[in-house]
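Coordinate-derived values only; no laboratory data. Model, not experiment: these values are computed from the prediction. Virtual Cβ from ideal backbone geometry, glycine too; neighbours counted across all protein chains shown.
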Amino acid sequence: MNTHSILQQTQLEVVSSGATKPVLDNSTGKTLVLLWSQLGDFDNLEYAWWLKRETAKLETAAVKVRAIGIGDRNSGLKFCEYTGFPADCLFVD
């Protein structure tokens, strides 16, 4: 089993709605999957800020972004509010 197959089968809580859903959907195209440690970690904050700055480039290249971080939905909501990272792209475990 490869990483892509594992991520297609992995279901986690998405921060935006609190629903449990697969990290990867069955759509085609490119997806950047980020595996983060605790959401308050500085490296994760910096990465989220960098992605926000580069959103236009990622959208032009049709690259979807998904991140998985250690925490609960409340910490995910605070992380998204603080960094501007889209809550529908952040999964927590």
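Taking only the alpha carbons of the chain, we obtain Rg and Dmax values of 12.6, 36 Å in that order. The antiparallel fraction among DSSP beta bridges confined to the chain stands at about 35%. Modelled label positions at residue 10 and residue 27, each set 7 Å beyond Cα in the direction of Cβ, lie 2.0 nm from each other. Cut-off 10 angstrom, C-alpha nodes, Gaussian network model of the chain. Which of 29, 69, 40 fluctuates the most? Of the options given, 29 has the highest mean-square fluctuation.
Counted by Cβ distance under 13 Å from residue 32, the other residues give a net charge of +2, where Lys and Arg count +1 and Asp and Glu count -1.
For residue 65, the residues 5 or more places off, or on other chains, whose built amide H falls under 5 Å of its own are 32. Counting Lys and Arg as +1 and Asp and Glu as -1 over every other residue whose Cβ lies under 13 Å from the Cβ of residue 8, the net charge comes to +1. Distance between the pseudo-spin-label points of residue 56 and residue 2 (7 Å out from Cα toward the beta carbon): 3.4 nm. For the chain, the relative contact order works out to 37 percent when only alpha carbon pairs closer than 8 Å and six or more residues apart are counted.
For the listed peptides 85-93, 6-14, a ranking on the average number of other beta carbons within 10 Å per residue, highest first, reads 85-93, 6-14.
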